[in-house]
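Participant: Below are the structure tokens for one structure; questions will follow.
The values are calculated or read from the model by the stated rules, or taken from the named source; none is laboratory data. These figures come from a predicted structure and were not determined experimentally. Positions of Cβ are generated from backbone atoms using ideal geometry, with glycine treated the same way; all protein chains shown enter the neighbour counts.
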Amino acid sequence: MPEGPELHMAARFINQVAKHHKFGGKIVKSEVSTKNPDVEFDAKSYLISAETRGKELKVFLEDKKDSKSKTHILFRFGMSGCFKLTQLDDLPKHAHLRFFTVDEKPQQVLSFVDYRRFGRWELEGNWGKNRGPDPIFDYENFRKNVLNNLHTAAFNRPICEAMLNQKYFNGIGNYLRAEILFRIKIPPFTSSREVLEPLVEGEVKSEGPDILELCNIVATEVLSLDKGKNYDPDSEGSEGSFSEWLRCYYVKGMKNLQDHNGRTIWFEGEPGPMAPVNAKVVGRKGGTGSKVPKSGSSSDKVKSEPEEKKPKVKSEPDEKKPKVKSEPEKKPRKKVKKESEEKKPKQNVKMEPEDEVTAEKRKSKDASKRINVQLKEK
């Protein structure tokens, strides 16, 4: 799932594209995107720009000839949203909202791509009321918002679960919480207040940054991978550098458990006193957790993931069926044939000589009876 850094990279990518391309004409929505609204903005040429806050992104549109004619679209990326720039003939299959370039050949399309279709957009939408300040670009307000609300029910939970609450940790997601807790050496299922309350009075004495400072530092590191070129997954080494940067999330040798919400947390050492009873461990299927949808100029690379799983599911029942059927069918057939073959020759040998002897005896008896009858008559 895209987290705060991925949305910031998407905004950065859109702004980079806008410097080198002109956009105009109708904005087209895909036919299958029925839960999202049409964008009724039609200008021969318009300016396009983007900005983000946590896990939300706004795209601003302004008519070049009429500055009063403008609007914006609020995006939430869901599980797999990102932006791609492609040629019109190479449009991604899951391009659900399309912005077209003008005055260039071949024509380019900037698309919001979302193969799982959990992403949403809203015309003239405002930043979510239940989403807090951005820990990357509004750090001071982010810190105050967390420490001033430790009395709320959100912080009754383990620290790993509180960190997914976007009202306080806007933009922090599954891989970021794992990396932050790993660096500060805090068990994920430690009480939130036990971790955060000492920060209110400045009681924590440590040479390194505290957990809230790491929310800013770790997220900012992702933005700086490849010297700021990580907005484009096609840039050389982009995906590899992210995988190498990960220290805990989906890394071989690390442990994992499902939290109370069913989300998988990766960690090292003990889970902590608030770990769920009989918590499930999720198998590691290979690779790293680096397949986070990213915005860039390539076609949708994430589409291949569900296709790899299908043949594995089908092969298992096909192999088991013939084994179950063949064993019971062969055994009774062999036994029946052997019994019948052994009985037939025994019956033929006994019956043939018995029939000839009895026939001769009957003839001699009949002849003796006739002679006796003739003698009595005389």
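Participant: For the subset of the stretch 31-52 comprising residues that are small (Gly, Ala, Ser) and modelled with pLDDT of 95 or more, which member is surrounded by the fewest Cβ atoms within 10 Å (Cβ to Cβ)?
Facilitator: Only one residue tops the list, namely Ser45.
Participant: Now, a different point. If you take the residues of the stretch 240-251 that are under 19 Å from the mean Cα position of the chain (by Cα) and surrounded by fewer than 18 Cβ atoms within 10 Å (Cβ to Cβ), which of them is nearest to Ala162 (Cα to Cα)?
Facilitator: Filtering first and then ranking leaves Val251.
Participant: Looking at Asp103, Asp89, can you tell me which residue is in a helix (DSSP H, G or I) and more than 18 Å from the chain's Cα centre (by Cα)?
Facilitator: Only one candidate qualifies: Asp89.
Participant: Can you tell me which residues in the stretch 32-47 are in a strand (DSSP E or B) and without any contact (Cβ under 8 Å) to a residue 12 or more places away in the chain?
Facilitator: none
Participant: Then there's this: Go through the residues of the stretch 150-161 one by one and say whether even a single one is at pLDDT 95 or above and under 15 Å from Tyr249 (Cα atoms). Even if it seems obvious, please write down each step before you answer.
Facilitator: First, the residues of the stretch 150-161 that are at pLDDT 95 or above: 150-161.
With under 15 Å from Tyr249 (Cα atoms) added as a condition, the list becomes 160.
Yes, the stretch 150-161 contains at least one residue that is at pLDDT 95 or above and under 15 Å from Tyr249 (Cα atoms).
Participant: In this structure, does Leu150 turn out to be out of contact with any strand residue (DSSP E or B) (no Cβ under 7 Å at 6 or more places or on another chain), assigned by TED's automatic domain parsing to the domain that holds Met274, in a loop (DSSP other than H, G, I, E, B) and farther than 17 Å from Leu214 by Cβ?
Facilitator: Details: out of contact with any strand residue (DSSP E or B) (no Cβ under 7 Å at 6 or more places or on another chain): yes; assigned by TED's automatic domain parsing to the domain that holds Met274: yes; in a loop (DSSP other than H, G, I, E, B): yes; farther than 17 Å from Leu214 by Cβ: yes.
Here the answer is yes, as Leu150 does meet what is asked.
Participant: Out of all the residues in the stretch 112-147, which are of a type outside the set (S, T, N, Q), surrounded by fewer than 22 Cβ atoms within 10 Å (Cβ to Cβ) and either outside any loop (DSSP other than H, G, I, E, B) or more than 28 Å from the chain's Cα centre (by Cα) (or both)?
Facilitator: Hits for the stretch 112-147 are Arg120, Glu122, Leu123, Glu124, Phe137, Asp138, Tyr139, Glu140, Arg143, Lys144, Leu147.
Participant: I'd like the residue in the stretch 174-209 that is crowded, with 22+ Cβ neighbours inside 10 Å and within 17 Å of Asn261 (Cβ to Cβ) and, out of all such residues, is farthest from the chain's Cα centre (by Cα).
Facilitator: Checking each candidate, the answer is Ser192.
Participant: Being out of contact with any strand residue (DSSP E or B) (no Cβ under 8 Å at 6 or more places or on another chain) and touching a residue at least 60 places away in the same chain (Cβ under 8 Å) is true for just one of Lys84, Lys68, Lys55, Lys93. Which residue is that?
Facilitator: The unique qualifying residue is Lys93.
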